[in-house]
Protein chains: 2
Amino acid sequence: MADRLIYLPLGGAGEIGMNAYVYGYGQPGRERLILVDLGVTFGDMDSSPGIDLIMPDLRWLEANRDRLEAVFITHGHEDHVGALGLMWNRLKVPVYCRKFTGALARLKMEEHGQPLDQLKIVTARPAVIEAGPFRVQFVPVSHSIPESAALVIDSPAGRIVHSGDFKLDGTPIVGEAFDPILWHDIAREGRGIKVLTCDSTNVFSPNPGRSEAVLANPLLDFVMAQKQMVVATTFASNVARLKTLADAGVAAGRQVCLLGRAMRRMITAAVETGILTNFPNTISPEQAANLPRGQVMLIVTGSQGERRAASAQLARGRYLGLELKEGDSFLFSSRTIPGNERPVIRIMNGLSEKGVNLFDAEDGTFHVSGHANRPDLEAVHDLLKPQILIPMHGEHMHLREHMMLGRAKGIQSMVVTNGTMVDLTGDAPRVVDQVDTGRVYLDGTVLIGAMDGVVRDRIRMALNGHAMVNVIIDEDERPLPDAWVETMGLPAQGRTRAPLDQQIEAELAEFLERADPRTIADDAKLEEAIRKITRQVTMEEIGKKPEVTVVISRLAAE
Amino acid sequence: MADRLIYLPLGGAGEIGMNAYVYGYGQPGRERLILVDLGVTFGDMDSSPGIDLIMPDLRWLEANRDRLEAVFITHGHEDHVGALGLMWNRLKVPVYCRKFTGALARLKMEEHGQPLDQLKIVTARPAVIEAGPFRVQFVPVSHSIPESAALVIDSPAGRIVHSGDFKLDGTPIVGEAFDPILWHDIAREGRGIKVLTCDSTNVFSPNPGRSEAVLANPLLDFVMAQKQMVVATTFASNVARLKTLADAGVAAGRQVCLLGRAMRRMITAAVETGILTNFPNTISPEQAANLPRGQVMLIVTGSQGERRAASAQLARGRYLGLELKEGDSFLFSSRTIPGNERPVIRIMNGLSEKGVNLFDAEDGTFHVSGHANRPDLEAVHDLLKPQILIPMHGEHMHLREHMMLGRAKGIQSMVVTNGTMVDLTGDAPRVVDQVDTGRVYLDGTVLIGAMDGVVRDRIRMALNGHAMVNVIIDEDERPLPDAWVETMGLPAQGRTRAPLDQQIEAELAEFLERADPRTIADDAKLEEAIRKITRQVTMEEIGKKPEVTVVISRLAAE
């Protein structure tokens, strides 16, 4: 059989988050593999209540670990590096990334006691990392975090460009610009680009993207125009934005104070790795509290409404000695990621109650996106002229739209979602396998499968409430006369105005009195009958059927 | 003491939803009262899991029911009329509204067995309803449902205009246009307008609003351009939009099929009350399924992602014999209400997986709002020249922004949120009382208070899981050796890889063995100790503390 080049996304294809993309080359079923990125996504109350983090299910990769050569991390965003600490010991192979990304990856590895010597810091092209049949180069692209990289992956079947997250920014303030000449060269070396695996996030944004640099003047004008305290929030990892904001504050004659651990950690990593220079001096919250309000600018975390971040704390009340007041100004230099609207609006209303003037980036004046828009994607297709386009980093609708964009230019393209393995060796992608994949949840300190039923039970309890019934069967196989019922998350009373638990108890007592001894003797039958009665009574009383847990204690049994 | 004019919002002021506004006139504490609107709002998984509807807490109004003259309903949207059926029997006074609104209100009253003769259908100005010291006129305004009305409320202290929900639309397709001449007259009668209580929903929208009529041509062009089946969704109550969509379908040579009960009910009410004429003939789903795809247009419910509505069903699979296919087109002729993004996106991705082409109204081509934008609000301020402006129908940030807009014109204005009673008799509003208010939840068939703890317990179970412990104390006051533990919504095992429930049982058994007889004898103490141990073990094993229910059965006790 001929060697083949395969692609298998395990996360990030069909969703925005938890990126994890596998490439392989070799004999079918024995390809040598590399993994690009290992990220997390975040849960929500609708579908994953109580879950701290969500990661790709790496079952397939674990089962084929002997074939895995290395992991490559394109950049330091949580959805690309966030699962490294929790998941590395399932893979146990070297992890390659550039310096700043490495500083962030190191924190993840340390936090979970993973061996730091497995983290290999490498430089950008022309440096080449050999990984089995692959030769990999990190190529700088612009994004909303410094040092984002695309990967140029050479295989015997041809050259792959894995775009990572990127935008076309010639003046990104911090970090490297997108360099079309460099990419022109990459596209023309050897046989050109066989496959472009490409960011699809902004495929529905019709206008060309704008540079980070266009924000400097509007932000300066904004800060200059405010009279009292100025607060600005943005993504903690957007180091360029933090610098632009801080520069604007200083130019407007204010002292700058950073609030929020994530933001300070990011600035520290950027300064220590030499990515960030000339960041203005900052003051402590105590110092900020003691200055006249018109001389202070706070730059704070929590632009997505995170409950414990600085923005939410300031909206609720005092935070580290600082309190917002009538006439202060609060700027969201960020967009709200779909799904986060409710908590962001909650913060806005909290600030409004304090008399704070609100400014958002809805009209684009105070925020630019970190992803390539539709015309930018087209420009990249034209620049790289790939034979095959694989849309990634998007929900299904983004991937499909991106595919159609490519096809309209005559490029072979296919929507490949998580778990679908395609063969890229020929002129067009071909589906060759479907592997088990899915999501793994971090719940407290435990990793559980999304399909384990734990979260399903939580959602059911949240929607339906929970009734617990406790029945004691005595030494003579007779039920003690009283069944004991406790409810949680259910109204105390319903139709008849009698306490719900007592209503259920009365019905169960009646049932137990006349129940067939064979039912009493059979745990499963008895439990089923009790559950049914409990749900019936509750339905009659309050119009809904709760989750029911039945505990049968047999005094004779042990 | 002098008579006074008071205003007291019980819902809708500080939120968008569940409108309920009280006006009163008379001796302080003995004012005769009227209620304007009685609406619902909808729950969400984040803050009210399992809750079917949310209504204003009318406690204060019930306690003062002898002073209440009547309820006035401005229009038929759920957030203005939705609580009438469930709440009328707490008030038991006549309900006034116009014909179409009345047809919808009647359904609410019928559903909950309320006396239909209490529903009084009235005509618009110049008709006047006398209600104690108030003389009330319904004045047509344009909105996104037919027959929306503002109220002109005359009191001995002066004239109030309660705007209801409105926009400035001279060509609303269905229903009445906004008539500036009429409002000019109203503003100049007698002593002019003392108070304008005004819709604030779109105060942050900077451009003048657009008429429903501007959509006709773009929608026709859209339908003409599609080759296969066309599906369009919008708000079921937007009768004008339904007509524009259906007209576009017919003009493009298609047969139109309405899918979704709410939509058919709305069309029926509009036809029966004479509001809607010339609505095209529609076909049944069976007929639609038997026509070539290019000859069919479906108009469907579920624009906000509602799980059981037609849009969601079509995104998941077959619905009433109809199934969407590659090349069909699906249009959202609606905007997504903040907070509904996740379910709407889920539908879009489901459709994308079927190969359906998606079109939304994000750029405004296929949707216009039903509320007055910022310049429209200014135009109304200028037209009515009120002495006092009370912003309503908005979250805090909307109310505050609207207040500032009014103040900039020299109008007295104040943010008055739910539960705050203001005296409007003087030149400016003055806070005179703060009354207990809040939310009432419909849970199944039961009304519960938002603060009753039911929903709090559900949220806690969803976030933390639930452990149930069952302990039996024998006739000699000694615990039986085994405590029985069941868990729900918790991982089966954690750190030690032993089953979590068994780990807890082992710790509890050890505790019970050495426990002080005085602890064993005391239900409260024993329960507390068991809860603490259960949470400790779980914390060690899985890193989180569950909700714990302890049931102690005493064999001797009874």
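The values are calculated or read from the model by the stated rules, or taken from the named source; none is laboratory data. Because the structure is a prediction, the values reported are computed rather than measured. We place every Cβ from the backbone using ideal geometry, glycine too, and count neighbours over all the protein chains shown. These accessible areas exclude ligands, DNA and RNA; they are computed on the full protein's heavy atoms, side chains included. Shrake-Rupley method; radii C 1.70, N 1.55, O 1.52, S 1.80 Å.
What accessible surface, in Å², does a 1.4 Å probe find on B:Lys325, ignoring ligands, DNA and RNA and rounding to the nearest 10?
The accessible area of B:Lys325 comes to roughly 110 Å².
Over the range A:212-359, what is the relative contact order in percent, taking alpha-carbon pairs closer than 8 angstrom and at least six residues apart? Intermediate results must be reported in sequence, preceding the final value.
Numbers: 265 pairs, mean separation 42.2, N = 148.
The value is 29 percent.
Just tell me how shielded A:336-349 is by partners: mean number of partner chain Cβ atoms within 10 Å of each residue's Cβ, no decimals. Kindly include the intermediate steps, with their values, before the conclusion.
Details: counts 2, 1, 5, 5, 2, 7, 8, 1, 1, 6, 3, 0, 4, 9.
That works out to 4 on average.
If ligands, DNA and RNA are left out, what is the accessible area of B:Ile552 with a 1.4 Å probe, given in Å² to the nearest 10?
30
In what sequence, largest accessible area first, do B:Ser155, A:Ser47 appear using a 1.4 Å probe? Show your work: numbers first, answer last.
On the way: B:Ser155 10, A:Ser47 60 Å².
The most accessible residue leads, giving A:Ser47, B:Ser155.
Leaving ligands and nucleic acids out of the surface, order B:Asp165, B:Asp117 by accessible area at 1.4 Å, largest first.
On the way: B:Asp165 5, B:Asp117 105 Å².
Correct descending sequence by accessible area is B:Asp117, B:Asp165.
Grab the beta carbon distance between B:Asp476 and B:Lys545, set R0 = 35 Å, and tell me the FRET efficiency rounded to 0.05. Working shown, then result.
Numbers: r = 33 Å, r/R0 = 0.95.
E(calc), rounded to 0.05, equals 0.55.
Contour minus end-to-end for A:Arg188 and A:Arg65, with contour as 0.36 nm per residue of separation and end-to-end as the Cα-Cα distance? Display every interim value, and only then the final one.
Values: separation 123, 0.36 × 123 = 44.28 nm, distance 3.43 nm.
This chain segment gains 40.8 nm when fully extended.
When DSSP beta bridges are limited to those with both residues in the range A:212-359, what percentage is antiparallel, rounded to the nearest 5? Present the calculation step by step, with values, prior to reporting the outcome.
Details: 1 of 18 bridges.
Once the DSSP bridges in the range A:212-359 are tallied, antiparallel ones form about 5 percent.
Could you point to the residue in A:Ala70, A:Thr171, A:Leu107 farthest towards the positive end of the protein assembly as shown's charge dipole, with +1 and -1 charges on the Cβ of Lys/Arg and Asp/Glu respectively?
A:Thr171
With contacts defined as alpha carbon pairs under 8 Å and 6 or more residues apart, what's the relative contact order of the range A:465-554 in percent?
On the way: 143 pairs, mean separation 37.2, N = 90.
Relative contact order, the range A:465-554: 41 percent.
Using all alpha carbons of chain B, what is the percent of pairwise distances in each 10 Å bin, ordered from the shortest bin to the longest?
3, 16, 22, 20, 15, 12, 8, 3, 0
At 4 °C and 1.567 mPa s, grab the translational diffusion coefficient of the protein assembly as shown from Stokes-Einstein with a Kirkwood Rh over Cα pairs, rounded to a whole number in µm² per second. Display every interim value, and only then the final one.
Values: Rh = 32.7 Å.
Stokes-Einstein gives a translational diffusion coefficient of 40 µm²/s.
Please figure out what share of the DSSP beta bridges in the range B:465-554 is antiparallel and state it in percent, rounded to the nearest 5. Mind dumping the intermediate values first?
Numbers: 7 of 15 bridges.
Just about 45 percent of them are antiparallel.
Scattering from the C-alpha atoms of the range B:212-359 alone, worked out with Debye: what is log10 I(q)/I(0) at q = 0.14, 0.17, 0.22 1/Å?
So the normalised log intensities work out to -0.60, -0.91, -1.58.
Output, in nm with one decimal and in ascending order, the distances from the B:Arg497 label point to the matching label points of the other copies (7 Å from Cα along Cα-to-Cβ).
5.9
Quote the charge dipole size of chain B about the Cα centre in Debye, to the nearest 20; the model charges only the Cβ of Lys and Arg (+1) and of Asp and Glu (-1). Let's see the in-between values first.
On the way: 60 positive and 72 negative charges, 365 e Å.
Charge dipole of chain B: 1760 debye, to the nearest 20.
Choose one of B:Ala157, B:Thr233, B:His184: the residue whose Cα lies farthest towards the positive end of the charge dipole of chain B (beta-carbon charges +1 Lys, Arg; -1 Asp, Glu; about the Cα centre).
Sorting the options by dipole projection puts first B:His184.
For A:Phe204 and A:Asn290, what is the calculated FRET efficiency with R₀ set at 56 Å and r taken between the beta-carbons, to the nearest 0.05? Don't jump to the answer; show the numbers that get you there.
Details: r = 47 Å, r/R0 = 0.85.
The value I calculate is 0.75.
Please report, in debye to the nearest 20, how large the charge dipole of the range A:212-359 is about its Cα centre when each Lys and Arg carries +1 at its beta carbon and each Asp and Glu carries -1 there.
Values: 17 positive and 11 negative charges, 76 e Å.
Using Cβ point charges on Lys, Arg, Asp and Glu, the range A:212-359 gives about 360 debye.
Defining the label point at 7 Å along Cα→Cβ, can you sort the distances from A:Met451 to the same site in each other copy, shortest first, in nm?
The projected label point of A:Met451 is separated from its counterparts by 4.6 nm.
With every protein chain in place, what's the accessible area of A:Lys544 (1.4 Å probe, Å², nearest 10)?
Per-residue accessible area (A:Lys544): approximately 20 Å².
How much of the DSSP bridge set in chain A is antiparallel, in percent, rounded to the nearest 5? Could you put the intermediate results ahead of the total?
On the way: 51 of 99 bridges.
Of the beta bridges lying entirely in chain A, close to 50 percent run antiparallel.
Within a 10 angstrom radius of each residue's Cβ in B:395-402, how many Cβ atoms of other chains show up on average? Whole number is fine. Intermediate values should be presented prior to the final figure.
Working: counts 5, 8, 9, 3, 2, 8, 3, 0.
The mean count of partner-chain Cβ atoms within 10 Å per residue comes to 5.
Rounded to the nearest 500, what is the 222 nm mean residue ellipticity of chain A from helices alone, with -39500 (n - 2.57) per DSSP H run of 4+ residues and division by all residues?
Working: 17 runs with 175 residues, N = 558.
So the calculated ellipticity at 222 nm is -9500 deg cm²/dmol.
Identify all lysines with a Cα-Cα distance to A:Lys99 below 25 Å; exclude those on the same chain that are fewer than 8 residues away in sequence.
Correct list for A:Lys99: A:Lys108, A:Lys120, A:Lys167, A:Lys243.
Gap in Å between the Cα centre of the range A:1-38 and the Cα centre of the range B:124-145?
Going from one Cα centre to the other spans 67 Å.
Quick one: order A:Asp199, B:Asp476 from most to least accessible surface, probe 1.4 Å.
Values: A:Asp199 0, B:Asp476 100 Å².
Of A:Asp199, B:Asp476, the descending order of accessible area is B:Asp476, A:Asp199.
What nm distances, shortest first, do you get from the label point of B:Glu540 to those in the other copies when the point sits 7 angstrom along Cα to Cβ?
Ordered by increasing distance: 4.6 nm.
Across peptide A:439-446, what mean number of C-beta atoms from other chains lies inside 10 Å of a residue's C-beta? Provide the component values of the computation, followed by the final result.
Values: counts 0, 0, 1, 1, 8, 13, 9, 11.
Mean shielding by partner chains, rounded to a whole number: 5.
What does the charge dipole of the range B:465-554 about its Cα centre add up to, to the nearest 20 debye, if the Cβ of each Lys and Arg holds +1 and the Cβ of each Asp and Glu holds -1?
Values: 12 positive and 19 negative charges, 104 e Å.
Value, rounded to 20: 500 debye.
Relative contact order (percent) for chain B, with alpha-carbon contacts under 8 angstrom and 6 or more residues of separation? Don't jump to the answer; show the numbers that get you there.
Values: 1266 pairs, mean separation 80.9, N = 558.
Normalised by residue count, the contact order of chain B is 15 percent.
Select from B:Ala213, B:Ile275, B:Val296 the residue farthest towards the positive end of the dipole of the range B:162-316; place +1 on Cβ of Lys and Arg, -1 on Cβ of Asp and Glu, and compute about the Cα centre.
Result: B:Val296, furthest along the dipole toward the positive end.
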